Amino acid sequence: VDVTKPPGMDESALLAALLTAICRPSLDLAPGLVVRAPNINGSGTGKGLLVRAVGAIAFGNTPSAITVGPNVKELELRLGAALMDAAPLIFLDNLNGIALQSNLLASVMAERPAAVRVLGLSKIVVLNSSSYMVVTGNGLDLSEDLVRRFQVVELDARVEDPEARAFPGDLLADVKARRAELLAAALTIWRWAQMN
């Protein structure tokens, strides 16, 4: 990121997503966040690190990643279990090379309350979820109704092997150490926007 230039589209989308995550518990419905990278050289671009930094600022902890599993049915089961767990941020990670389609995810992001089937039982639980939904992947596309339910951030390291890059310091440790300051700054921006 060149800080001498105005924020680009992806930086702006990330800032909007961070503000959304921070205020998600007070919002009836809210868009989620997709962080994606190119299919071929997207590994190691920092998608997971970015999500963990958002979680650390917004909620004071780093989220655990949930993988998609072998098929859509397994994704829906894992997502249902995570929703019933009521984590403040649900992090679906490594959805690589797919067009994400999930009726449950679309429903939970557009309806409140939403009904979820309990794993292994013929029982429906009504959830009033305020979890912030985040999805990452390389070559990830959104299908059907999910397209309009997510803010998208594209990461492209523009190198063949992004994991080989070296950066000074520890971003996540720095974010955690400065959480109060970062959260106060974000809430100031949110409050200013509410007044204008």
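The values are calculated or read from the model by the stated rules, or taken from the named source; none is laboratory data. Note that this is a predicted model, so its numbers are computed, not measured. Cβ atoms come from the backbone with ideal geometry, glycine included; neighbour counts cover every protein chain shown. SASA here: full protein model, heavy atoms, side chains in, ligands and nucleic acids out. Shrake-Rupley method; radii C 1.70, N 1.55, O 1.52, S 1.80 Å.
Could you tell me how far the Cα centroid of the stretch 164-196 sits from the Cα centroid of the stretch 135-150, in Å? The stretch 135-150 and the stretch 164-196 have Cα centres spaced 25 Å from each other.
With the highest mean first, a sort of the peptides 116-128, 100-112 on other beta-carbon atoms found within 10 angstrom per residue produces 100-112, 116-128. Take every Cα pair under 8 Å in the stretch 71-196 that's 6+ residues apart, average their separations, divide by the length, and report that relative contact order as a whole percent. After rounding, I find 26 percent. With the simple spin-label model, which puts each label point 7 Å out from Cα in the Cβ direction, the residue 154 to residue 179 separation comes to 3.3 nm.
I want the local charge near residue 59. Using Cβ-Cβ distances under 13 Å, sum +1 for each Lys or Arg and -1 for each Asp or Glu among the other residues. Walk me through the numbers before you get to the answer.
Working: positive: 24, 52, 176, 179; negative: none.
Surrounding charge for residue 59 is +4.
Is the C-alpha gyration tensor of the stretch 1-77 telling us rounded, prolate or oblate? Criteria: a/c under 1.5 is rounded; beyond that, a/b larger than b/c is prolate, otherwise oblate. Intermediate values should be presented prior to the final figure.
Values: a/c = 1.90, a/b = 1.18, b/c = 1.61.
Oblate, since a/c reaches 1.5 and b/c is not below a/b.
Fully extending the segment from residue 107 to residue 65, taken as 0.36 nm per residue of separation minus the present Cα-Cα distance, adds 13.0 nm.
Using a cut-off of 12 Å between beta-carbons, work out the net charge of the residues near residue 14 (Lys and Arg +1, Asp and Glu -1, residue 14 not included). Numbers along the way, then the final one.
Details: positive: 47; negative: 10, 11, 154.
Surrounding charge for residue 14 is -2.
Provide the packing ranking of 37-47, 51-61, i.e. peptides ordered by the mean count of other C-beta atoms within 10 Å per residue, highest first. Present the calculation step by step, with values, prior to reporting the outcome.
Working: 37-47: 18.4, 51-61: 20.8.
For the peptides 37-47, 51-61, the packing ranking is 51-61, 37-47.
In terms of packing, defined here as the mean over residues of other Cβ atoms within 10 angstrom, the peptides 23-32, 4-13 line up highest first as 23-32, 4-13. The Rg/Rh ratio of the stretch 53-124, with both radii computed over alpha carbons and Rh defined as the Kirkwood radius, is 0.97. DSSP beta bridges fully contained in the chain are about 15 percent antiparallel.
Output the DSSP H helices from the chain with an along-axis C-alpha extent of no less than 30 Å and a mean Kyte-Doolittle hydropathy no less than -0.5.
Working: long enough: none.
Helices meeting the criterion: none.
Just the number please: accessible area per residue for the chain, 1.4 Å probe, all protein chains included, in Å². Present the calculation step by step, with values, prior to reporting the outcome.
On the way: 10970 Å² over 196 residues.
Accessible area per residue, the chain: 56 Å².
The overall shape of the chain, judged from the alpha-carbon gyration tensor, is oblate: a/c is not under 1.5, and a/b is no greater than b/c. Taking a sphere under 13 Å around the Cβ of residue 129 and counting the other residues whose Cβ falls inside, with K and R at +1 and D and E at -1, yields a net charge of -1.
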